Amino acid sequence: MHIKFHHLTADQENIVNLMINAALKKVDPFETVINQIDIDEDQLKICGNEYILADIDRIILVGLGKAVGPMAAAIIKKIGKKIDSGVLVGKHNIDVWKIPENIDVYYGSHPIPSEKSFAGAEALLKRVANTTENDLIICLVSGGGSALASRPVDSINLTEMQDLTRLMLESGADIGEFNTVRKHLDEIKGGGMARCARNTPMETLILSDVLGDDVSMIASGPTVADETSYLDAYEILRKYQLIKRVPERILSVIKTGIEGEGQQSISRISDYQSNKHNHIIGSLSKAIAAAEQIAKDNGLKTQVVSTCLVGEAREVGKIFGTILRSIATTDMVLPRPAVIISGGETTVTIRGDGKGGRNQEIAFGALKEIHGLDDCAVIAIATDGEDGPTDAAGAYVTGNTLSRAESLGEQLEKYGANNNTYEFFDRIGNLIKTGPTGTNVNDLLFLFAF
């Protein structure tokens with residue numbers, strides 16, 4: 001993959017592309033999975049856990065998330081003929097991985113769940129429920145699974161779940177807060193798949209898109225004991241002033257849970273946990289380390305600031321813009337040529353009806369802060385290639401981006417007030433478009449002072 005960055009030299013553009021490609025390759029779903037599987041005539045080893053094949057009646061393959069296609073393809077390549085059946089729920093392009101007919105493929109919706117998301121989740125739960133302690137379930141989890149596979153408790157309908165999702169997305173809540181709420185409204189989340197599997201052994205391979213790699217939050221933890229409570233969910237709604245805005249039945253479920261009438265989490269069903277194993281096989285920190293090594297190999301001084309970057313996206317952009325100015329004008333941070341690398345998942349509080357994403361907001365926030373700097377760039381990119389509900393992976397700005405925008409007659413304040421960063425960057429040619437990358441481990445932020 002080669003991304004064109006206007007107003008960078010050919011050498012600068014080459015370094016940027018080498019770093020991005022190295023980061024994505026390090027968390028390639030196919031490679032990360034296939035490296036965790038060993039098999040011979042007698043034994044199957046998954047992430048170091050050993051199973052005697054003669055003792056297994058059936059191997060069931062299930063998975064959910066944006067990266068489920070290549071993850072499943074790796075399992076199939078290693079043990080395909082031994083897989084009895086399965087269910088996969090993703091967003092796109094699963095079929096290109098030549099999934100065999102005994103594995104059912106569903107396409108859910110993201111970031112707003114749909115009837116397709118409900119159908120996929122229902123199929124997953126039914127498949128794992130129809131197993132015994134003599135079977136083995138291999139489960140694949142990656143980011144996006146919370147929306148792609150959703151099975152709300154019976155009293156909540158699709159419209160209500162969609163309304164809640166929109167409100168949470170617009171509120172500025174982080175992914176941990178969002179998933180805490182969802183886990184108490186949905187039968188597949190918060191350990192729901194493990195509950196349905198009862199005593200069946202389960203090995204879950206996880207590509208992390210959650211800061212700190214909290215397995216209970218990735219895709220809302222379908223195979224992980226949930227230690228949060230209904231009261232936690234209620235307090236999150238209160239924090240973002242959503243108590244009076246969420247659908248009435250959603251609030252009713254949470255209140256009922258607080259009163260002790262609802263089923264809490266799998267953490268209260270310890271019998272089902274002893275043979276359920278969860279493994280992080282790819283994460284943001286691995287991607288950042290790969291990008292940093294490429295930068296060093298090409299003579300750049302490097303510093304990783306954070307692998308857990310959070311906050312309001314545009315404000316993060318402003319702060320990192322000032323850091324880049326310090327690099328460009330002094331030796332107090334790093335002497336040139338240098339790159340600051342960060343990663344994480346910021347949030348956007350929606351105040352307008354424009355189109356954009358958190359990475360586009362970061363770049364927009366840095367515009368004024370780096371104005372006039374030579375050979376500098378802020379590059380913000382989603383590792384899955386999809387920044388918010390757009391076809392862009394993110395955006396970038398250089399020291400002359402603001403001047404160029406103004407020369408074209410673009411009014412910065414108009415776009416900013418309406419959260420219309422996509423149109424702004426599209427008009428000036430600064431969107432980053434990669435298409436779906438097949439992986440998903442949060443976002444990458446690079447500050448370059450060449």
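The values are calculated or read from the model by the stated rules, or taken from the named source; none is laboratory data. Keep in mind that what you see is a predicted model, and the values were worked out from it rather than measured. All Cβ positions, glycine included, derive from the backbone under ideal geometry; neighbour counts span all protein chains shown.
Taking region 121-194 and the helices (runs of 4 or more DSSP H) fully enclosed by it, the elements with 3 or more residues that are closer than 30 Å to Thr437 by Cβ and assigned by TED's automatic domain parsing to the domain that holds Leu205 are at 145-148.
Residues of region 108-116 include none that is crowded, with 16+ Cβ neighbours inside 10 Å, in contact with a Pro (Cβ under 9 Å, 6 or more places away or on another chain), at pLDDT 95 or above and assigned to a strand (DSSP E or B). Would you check if there is a residue in region 265-276 being in contact with a helix residue (DSSP H, G or I) (Cβ under 9 Å, 6 or more places away or on another chain), surrounded by 15 or more Cβ atoms within 10 Å (Cβ to Cβ) and modelled with pLDDT of 95 or more? Checked against the condition, which is being in contact with a helix residue (DSSP H, G or I) (Cβ under 9 Å, 6 or more places away or on another chain), surrounded by 15 or more Cβ atoms within 10 Å (Cβ to Cβ) and modelled with pLDDT of 95 or more, region 265-276 yields no hits at all.
Against the numbered list (1) in contact with an Asp or Glu (Cβ under 8 Å, 6 or more places away or on another chain); (2) surrounded by 19 or more Cβ atoms within 10 Å (Cβ to Cβ), Thr349 comes up short only at (2).
If you go through region 177-191 and keep only what is farther than 9 Å from Gly221 by Cβ and in contact with a Pro (Cβ under 8 Å, 6 or more places away or on another chain), you end up with Leu185, Asp186, Glu187, Ile188. Just one of (1) in contact (Cβ under 8 Å) with a residue 24 or more places away in the chain; (2) loosely packed, with under 14 Cβ neighbours inside 10 Å; (3) within 29 Å of Leu148 (Cα to Cα) trips up His6, so point out which. Result: His6 fails condition (3) only. Considering only residues in region 407-450 that are small (Gly, Ala, Ser) and over 20 Å from Pro389 (Cβ atoms), the one that is surrounded by the fewest Cβ atoms within 10 Å (Cβ to Cβ) turns out to be Gly409. Among the residues making up region 196-225, those that are surrounded by fewer than 24 Cβ atoms within 10 Å (Cβ to Cβ) and at pLDDT below 95 are Cys196, Arg198, Asn199, Leu211, Gly212, Asp213, Asp214, Val215, Ala225. Being under 25 Å from Phe425 (Cα atoms) and either surrounded by 16 or more Cβ atoms within 10 Å (Cβ to Cβ) or not assigned by TED's automatic domain parsing to the domain that holds Gly394 (or both) holds for only one residue in Ile281, Ile340, and it is Ile340. Within region 286-325, restricting attention to residues that are in contact with a Lys or Arg (Cβ under 6 Å, 6 or more places away or on another chain) and under 22 Å from Ile175 (Cα atoms), the residue that is modelled with the lowest pLDDT is Lys286.
Of the residues making up region 44-70, those that are aliphatic (A, V, I, L, M) and touching a Phe, Trp or Tyr at 6+ places or on another chain (Cβ under 7 Å) number 1. If you go through region 25-54 and keep only what is on the phi > 0 side of the Ramachandran plot and either at pLDDT 95 or above or not assigned by TED's automatic domain parsing to the domain that holds Asn102 (or both), you end up with just Cys47. Glu13 meets the conditions (1) farther than 17 Å from Gly394 by Cα; (2) free of Cβ contacts under 8 Å to residues at least 40 places away in the same chain in every case but one. The failed one is (1). Reported count of residues in region 55-100, each being farther than 19 Å from Lys25 by Cα, modelled with pLDDT of 95 or more and either aliphatic (A, V, I, L, M) or part of a loop (DSSP other than H, G, I, E, B) (or both), is 16.
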